[in-house]
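Peer 1: Pasting a structure here, questions to come.
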Amino acid sequence: MMTQLMFRLFLCSAVLFGFASGLSAGDAEKLTVAVLVCEENDEDLYEAFKNLPVLITDLGKENNWDVHILTSKKFAEFPDAGILDKADVLVFSARRIGLPKEQMQKVKKYVKDSGKGLVAIRTASHGFSPRNLPANCEAWREFDRDVLGGSYSGHGKNEIGSEIENAEELKDSPLLKGVAPAKWHSQASVYFNAKNAEGSTVYQYVSSVEKQKMPLTWTRMYNKTRVAYTSLGHKTDYAVPAYKTLIRNLVEWAGEKH
């Protein structure tokens, strides 16, 4: 009798322990994604302040991400920036902003030292390169060259748009999974990135009547941080399934444990 009772207690304990362990494992596997986006009152081509939070929130629901949206004005602090301490991926989109010095140090620490993930979108290439910097703020003008591994030097005519093309040799890569069609037209102007830093892997190219094919979407390692960048991100891109899938893939790649 005692033996049967002990066995039942053991069995119940094992089931409960396994259930609790499963919950903990599930919580541990959930990707924490922070979105850093700045309102641009003078910019109507991208509307990332409106579109990006919606996209990442929707993707978060579909893919079981824990999403945190951090928004601010051009030279103001981002509220709740402490989330960077636990974020697995930082998604960044802003244009020519500076940050209060203490907050810029938080961002730099995440990018340089966390060994986690960064996904940068379109204007992020010159995101920390303001033309006029308030005295209490700090810029990071080397961000494109040193972190993203890009060489942004301007953009083409907005009315022309651009032709997007997946890299044929990488068509079976997880980063291009579901990114279809392989070729499509974007209303985004071409961003001029003539070359990438050594060690970059280019997954998509862009061209137009103005410019021959050049890198559009790529990944690289910066220290131990997984970095992904795309110069897609025109406001009309957010309605394109290929773009939505690409951003999902980039976030998932950046959030891989390594």
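The values are calculated or read from the model by the stated rules, or taken from the named source; none is laboratory data. Keep in mind that what you see is a predicted model, and the values were worked out from it rather than measured. Cβ sites come from the backbone with ideal geometry, for glycine too, and all protein chains shown count toward neighbours.
Peer 1: Pro181 fails exactly one of the following numbered conditions: (1) within 30 Å of Pro241 (Cβ to Cβ); (2) not in a loop (DSSP other than H, G, I, E, B). What is the number of that condition?
Peer 2: For Pro181, the failing item is (2).
Peer 1: Would you mention how many residues in the stretch 184-195 are in a strand (DSSP E or B), of a type in the set (S, T, N, Q) and more than 19 Å from the chain's Cα centre (by Cα)?
Peer 2: Total satisfying the criteria: 1.
Peer 1: Would you please name the residue that is nearest to the chain's Cα centre (by Cα), looking only at residues in the stretch 218-258 that are part of a strand (DSSP E or B) and of a type in the set (Lys, Arg)?
Peer 2: If we take residues in the stretch 218-258 being part of a strand (DSSP E or B) and of a type in the set (Lys, Arg), then Arg226 is nearest to the chain's Cα centre (by Cα).
Peer 1: On to the next question. Being crowded, with 16+ Cβ neighbours inside 10 Å, under 30 Å from Leu133 (Cα atoms) and either modelled with pLDDT of 95 or more or of a type in the set (Val, Ile, Thr) (or both), is that true of even one residue in the stretch 11-34?
Peer 2: Yes, there is a match, as at least one residue in the stretch 11-34 is crowded, with 16+ Cβ neighbours inside 10 Å, under 30 Å from Leu133 (Cα atoms) and either modelled with pLDDT of 95 or more or of a type in the set (Val, Ile, Thr) (or both).
Peer 1: Let me ask you something else. Given the residues Phe128, Phe75, Phe92, which is the only one that is surrounded by fewer than 22 Cβ atoms within 10 Å (Cβ to Cβ) and of a type in the set (Phe, Trp, Tyr)?
Peer 2: Criteria check complete, one pass: Phe75.
Peer 1: Just the residues that are surrounded by fewer than 21 Cβ atoms within 10 Å (Cβ to Cβ), part of a helix (DSSP H, G or I) and among the acidic types (Asp, Glu), please, taken from the stretch 131-161.
Peer 2: Passing the criteria: only Asp146.
Peer 1: Give the residue that is modelled with the highest pLDDT, with candidates limited to residues of the stretch 196-217 that are part of a loop (DSSP other than H, G, I, E, B) and over 16 Å from Gly156 (Cβ atoms).
Peer 2: Restricting to residues being part of a loop (DSSP other than H, G, I, E, B) and over 16 Å from Gly156 (Cβ atoms), the top hit is Ser200.
Peer 1: Confirm whether Glu77 is of a type in the set (D, E, K, R) and either within 22 Å of Ala48 (Cα to Cα) or assigned to a loop (DSSP other than H, G, I, E, B) (or both).
Peer 2: yes
Peer 1: Any idea which of Gly154, Gly178, Gly199, Gly150 is without any contact (Cβ under 8 Å) to a residue 40 or more places away in the chain and not polar (S, T, N, Q)?
Peer 2: Of Gly154, Gly178, Gly199, Gly150, the one residue that is without any contact (Cβ under 8 Å) to a residue 40 or more places away in the chain and not polar (S, T, N, Q) is Gly154.
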